[in-house]
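The values are calculated or read from the model by the stated rules, or taken from the named source; none is laboratory data. Not measured: the values here are computed from a predicted model. Glycine also receives a Cβ, built like all others from the backbone with ideal geometry; neighbour counts cover every protein chain displayed. Keep in mind that these areas ignore ligands, DNA and RNA; they rest on the heavy atoms of the full protein, side chains included. Shrake-Rupley method; radii C 1.70, N 1.55, O 1.52, S 1.80 Å.
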Amino acid sequence: MITRLFSAALRGVDAQEVEVEVNARGADKPMVIIVGLPDAAVRESSQRVISAIIASALDLNDGVKTVNLAPADLKKEGPSFDLPIALAMIAASGTKPFDAEDCCVVGELGLDGAVRPVKGVLSIALEAKRRGRARLFVPEANAPEAAVIDGIQVFPIRNLKQAWDFLNGDVIIPPFNLDRRAFFNSHRRYEVDFDEVKGQHHVKRALEVAAAGGHNLLMVGPPGTGKSMLAKRIATIMPDMTEDDAIETTKIHSITGLLDPKRSFLTTRPFRAPHHTISDAGLLGGGTNPGPGEVSLAHHGVLFLDELPEFRRTTLEVMRQPLEDGHVTISRAAGSLTFPANFMLVAAMNPCPCGYYGDVKRECRCSPRQIETYRQRISGPLLDRIDLHIEVPLVDFRELSSEATTGEKSEVIRERVAAARGIQLERFKKFSNSTNSAMGSRQVREHCKLSAEANGYLEHAMAEMNFSARAHDRILKVARTLADLGGALDIRANDVLEAIQYRSLDRKLFS
């Protein structure tokens, strides 16, 4: 007797439907054969499935059970096929008609029949909906994550016997209901705020500009000036994520198993801060079975690289392509996978190895050669892709100790940033980009026209500071963002001067 169920396999950040077929035939010796390009975890599922069926007191006739996972040329990975294989094997052992054409089933089985959570349930729910499956059986712990998707009934499953009895109509399991909008709004809170930062007013202004236009940012200053503290609060002033953006970001975190079980859905922009010892594959993505790296985990959020020169130069150079394109393509012999990587890069570094070059209170102990070697770890092409370069000095004691000195709250700054982003969305509504930082050459020519005065300032800066052609376009993009923040239709001369100021630090440090 042949029975079948539907499940799904992960491929990149998406899922692909898998048909689980079981053929049962008589034989003297019981045996389970799994075919369809399974990995070790899938091949081992036969032992988990048999133990779970016996522990659940369900019928399983002796004989050979051939399990086919179609399509056969798609690699099947992980333990998520345990539950559909078990249900199909039980059905194949009996004579009762079995119909589960409208179901998609995923779940890992324990030896006692308990159903354990699996990765990538959000992607699987999207694929099940696309395929027209009306019901989705998922582990109970994964139900809130899957229920985010409208248009499909999600049934939380605790154990194998409950799933079998439900399919046969012997028990009733109510579908898991989630008020997505209420859940989304109730969890949209950050634990930090900009009003906790004392002083550094010009740095806060630069961060606001960066968030408004989606620009990359480099902060340079001695230790203890608050660079990390400021970076951790950038996400709090970025516009709230839309539900579509949140689903796209949650998919990436789901397939890597990084979702918080208590929230199961990302409602705030991610902030990723990898250590400087990270490998190329850890930052960009890859591995034997390619998975997303930190640049993809920071999708629609912030990637913070502290102590930028301490990263391996080759590791930094691999970011150049995703910084330009907004996605990462990993190529292996078995094929290519593309992961989204539309993030805002925020980097921080000291001016020299000891950190005190140029400090008026502490003496720098580094030789000129050491300083030059330290700064040359960052390539010119990478610096050109960072729109704003900001010097972060030590905070004055009176500002630091004063309880009366409080800055603006993140909510207030976020309103201005959201207004500027709204202008950009309207401007680029016919294009794929939504921020000034992503403008192409044609859009720069169309939307960044300068007056004679502003053009004169830019021409002088190009000649005196030896800016590259890429830096020229970056200045125009930042000036366009400054005009949007000020509510101006045209770029003003002051906007160009401020944008040039945000590019002048790297000429002073790296020339």
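Data overview
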| quantity | calculated |
| --- | --- |
| Members of the range 34-62 found to be open to solvent by less than 10 Å² (accessible area, probe 1.4 Å) and under 25 Å from N168 (Cβ atoms), listed by number | S45, V49, A52, I53 |
| Odd one out for D170, checked against (1) closer than 30 Å to R385 by Cα; (2) open to solvent by 10 Å² or more (accessible area, probe 1.4 Å) | (1) |
| Extreme residue, most open to solvent (accessible area, probe 1.4 Å), among residues of the range 173-193 that are part of a loop (DSSP other than H, G, I, E, B) and basic (K, R) | R189 |
| Residue that is nearest to the chain's Cα centre (by Cα) [pool: residues in the range 131-148 that are surrounded by fewer than 20 Cβ atoms within 10 Å (Cβ to Cβ) and in a loop (DSSP other than H, G, I, E, B)] | R131 |
| Which listed residue is of a type outside the set (D, E, K, R) and closer than 23 Å to L69 by Cα, from G169, G110 | G110 |
| Matching option when the condition is of a type in the set (K, R) and out of contact with any Pro (no Cβ under 7 Å at 6 or more places or on another chain), among K76, K129 | K129 |
| Among (1) free of Cβ contacts under 8 Å to residues at least 24 places away in the same chain; (2) more than 23 Å from E324 (Cα to Cα), the one test that L497 misses | (1) |
| Filter result (touching a Lys or Arg at 6+ places or on another chain (Cβ under 7 Å), open to solvent by 30 Å² or more (accessible area, probe 1.4 Å) and under 16 Å from E44 (Cα atoms)) within the range 90-118 | E108, L111 |
| Residues that are more than 19 Å from E101 (Cα to Cα) and part of a strand (DSSP E or B), drawn from the range 6-22 | L10, R11, D14 |
| Residue under evaluation K251, criteria (1) under 22 Å from T268 (Cβ atoms); (2) of a type in the set (K, R); (3) part of a loop (DSSP other than H, G, I, E, B), criterion not met | (3) |
| Cβ-Cβ under 9 Å pairs, at least 6 apart or on other chains, the range 143-159 side more than 11 Å from K129 (Cα to Cα), far side surrounded by fewer than 20 Cβ atoms within 10 Å (Cβ to Cβ) and small (G, A, S) | P156/A141; R158/A114; N159/G110; N159/A114 |
| When residues of the range 219-237 are limited to those that are part of a loop (DSSP other than H, G, I, E, B) and open to solvent by 10 Å² or more (accessible area, probe 1.4 Å), the one farthest from V192 (Cα to Cα) | P222 |
| Inter-residue pairs, beta-carbon under 8 Å, first in contact (Cβ under 8 Å) with a residue 24 or more places away in the chain and in the range 16-40, second part of a strand (DSSP E or B) and of a type in the set (F, W, Y), 6+ apart | E17/F6; V18/F6; E19/F6; V20/F6 |
| Residue that is nearest to the chain's Cα centre (by Cα) [pool: residues in the range 206-263 that are under 30 Å from A15 (Cα atoms) and basic (K, R)] | K251 |
| Residues within the range 388-415 that are in contact with a Gly (Cβ under 9 Å, 6 or more places away or on another chain), at pLDDT below 85 and part of a loop (DSSP other than H, G, I, E, B), tallied | 5 |
| Scope the range 358-387; condition open to solvent by 40 Å² or more (accessible area, probe 1.4 Å), farther than 30 Å from T435 by Cβ and either in a loop (DSSP other than H, G, I, E, B) or in contact with a strand residue (DSSP E or B) (Cβ under 9 Å, 6 or more places away or on another chain) (or both); matching residues | G358, V360, K361, R362, E363, R365, S367, Q376 |
| Matching residues, the range 327-357, being part of a loop (DSSP other than H, G, I, E, B) and open to solvent by less than 70 Å² (accessible area, probe 1.4 Å) | A341, F343, N350, P351, C352, P353, C354, G355, Y356 |
| Considering residues of the range 63-89 that are open to solvent by less than 10 Å² (accessible area, probe 1.4 Å) and modelled with pLDDT under 90 only, the residue farthest from G26 (Cα to Cα) | K65 |
| Odd one out for I247 among (1) within 16 Å of I390 (Cα to Cα); (2) open to solvent by 10 Å² or more (accessible area, probe 1.4 Å); (3) not polar (S, T, N, Q) | (1) |
